Every structure is written in C-alpha cells, then in structure tokens.
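What follows is a set of notes on a single structure, which appears directly below.
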Amino acid sequence: MSGDICGGVYVWDTTTWNRKVIGQHYGAVTTISVHPSGKFVTVGKDKTVRTWDLFNELVSCCEINIEAVAEIVKWFPDGTYFVVAMNNIVS
C-alpha cells in the first residue's frame, strides 16, 4: 500500500513488485492506515479522507471532506472506527 505526491493510491504485488493503481486523491496522499481486516484509510492534500476495502474489489467505500489537511489517520484496534489528526486536534 502506498500513495504518491500526485494523489495516486496503490497496492503492490510483492512477488513481482508491480503496482496497481486503485484510486486517486486530488492532491498528494499524506497518510495511510491499514487495518488487518483489509480495510484501509487514506488522507490527501485535497482535504478528504477515503476508506477502502482490499477484499471488495479495491473500491473506495466512502469519501469524507475535512476542514484541513490531516497529518495522521489511525484505526481503532477493533477496526470499527478511525481517528484523524489535523491542526494538532484529533477528530
């Protein structure tokens, strides 16, 4: 799992090191958090949080607009919630 300065979100095949584009932010990807269940969250400079599901055809499940660029996103241990930190505030 990775993101780039152009907003691309990728998964990697670790046997061939080929990458597959699975989505796009409209600004650099600033942080990614992967949960063991296969869910993951990306945050971009486009001030959106996007949730994804690796086992559901790699589709974006949800897009949430936020008021600032987030520095950190982390899953709760049980995977039911995630938190976003922006401007030194956790939401």
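Using a 1.4 angstrom probe with every protein chain in place, what is the largest-first accessible-area order of TYR81, TYR10, TYR26?
These residues rank, largest area first, as TYR26, TYR81, TYR10.
Report the accessible area of ILE64, computed with a 1.4 Å probe over the heavy atoms of all protein chains in place, in Å² rounded to the nearest 10.
60
Ignoring ligands, DNA and RNA, what accessible area per residue does the chain give at 1.4 Å, in Å²?
Normalised by residue count, the accessible surface of the chain is 62 Å².
Protein chains only, probe 1.4 Å: how do PHE82, PHE40, PHE55, PHE76 rank by accessible area, largest first?
Ranked list, largest accessible area first: PHE55, PHE76, PHE82, PHE40.
With a 1.4 Å probe and every protein chain kept in, tell me what percent of the accessible surface of the chain is carbon plus sulfur.
56
Mind checking which lysines have their Cα closer than 18 Å to the Cα of LYS74? Skip sequence neighbours fewer than 8 apart in that chain.
Qualifying lysines at Cα under 18 Å: LYS39, LYS45, LYS47.
Determine the dipole magnitude for the chain: charges of +1 sit on the beta-carbon of Lys and Arg, -1 on that of Asp and Glu, nothing else is charged, the reference point is the Cα centre, and the result goes in debye to the nearest 20.
For this selection, approximately 100 debye.
Between TRP12 and GLU63, how high is the FRET efficiency from 1/(1 + (r/R0)^6) when r is the Cβ-Cβ distance and R₀ = 25 Å? Nearest 0.05.
0.60
Enter the accessible area of TRP52 (Å², nearest 10), with the probe set to 1.4 Å and all protein chains included.
Around 10 Å² of this residue is reachable by solvent.
Which translational diffusion coefficient, to the nearest whole µm²/s, is obtained for the chain from the Stokes-Einstein equation, given a Kirkwood hydrodynamic radius over C-alpha pairs, 37 °C and 0.692 mPa s?
D = 249 µm²/s.
Let me check I've understood the local charge: for ARG19, count other residues with C-beta under 14 angstrom from its C-beta, Lys and Arg +1, Asp and Glu -1. What total comes out?
Cβ neighbours under 14 Å give a net charge of -1.
The values are calculated or read from the model by the stated rules, or taken from the named source; none is laboratory data. No experiment lies behind these values; they were computed from the predicted model shown. Here Cβ is always computed from backbone atoms with ideal geometry, including for glycine, and neighbour counts include all displayed protein chains. Just the protein is used for accessible areas: all its heavy atoms, side chains included, with ligands, DNA and RNA removed. Shrake-Rupley method; radii C 1.70, N 1.55, O 1.52, S 1.80 Å.
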